[in-house]
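One structure is given below, encoded as structure tokens.
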Amino acid sequence: MAHANDAEGSLGLLDDVGLLDDRLITAYFRMVSGEDVRRTAEADTSVAHCPSVFCYWNPDPDAQ
């Protein structure tokens, strides 16, 4: 969805529409870069971890 709206990614889209801030709680924050972590921290955005979802979904079969 983000790329279809010419955003640089999910965080870019959230930032473009004014949602990347201290009121946002993200989920499924597994495949992120160091830059994504930095942007999230600078925006004071929270991350809710859902570890049980990874029992069923693993996009990288080589990752442990």
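Every read-out reported here was derived from the displayed coordinates using simple, explicitly stated rules and does not represent laboratory data. Just so we're clear, the structure is a prediction, and the values are computed from it rather than from any experiment.
Please list the non-local residues whose amide H lies under 5 Å from the amide H of T26, H modeled 1.01 Å from N, same-chain partners needing a gap of 5 or more.
Long-range HN contacts for T26: S46, V47, A48.
Once fully extended, how much extra length lies between D36 and L19, figured as 0.36 nm per residue of separation less the alpha-carbon to alpha-carbon distance? Let's see the in-between values first.
Working: separation 17, 0.36 × 17 = 6.12 nm, distance 1.47 nm.
Taking D36 through L19 to full extension adds about 4.6 nm, to one decimal.
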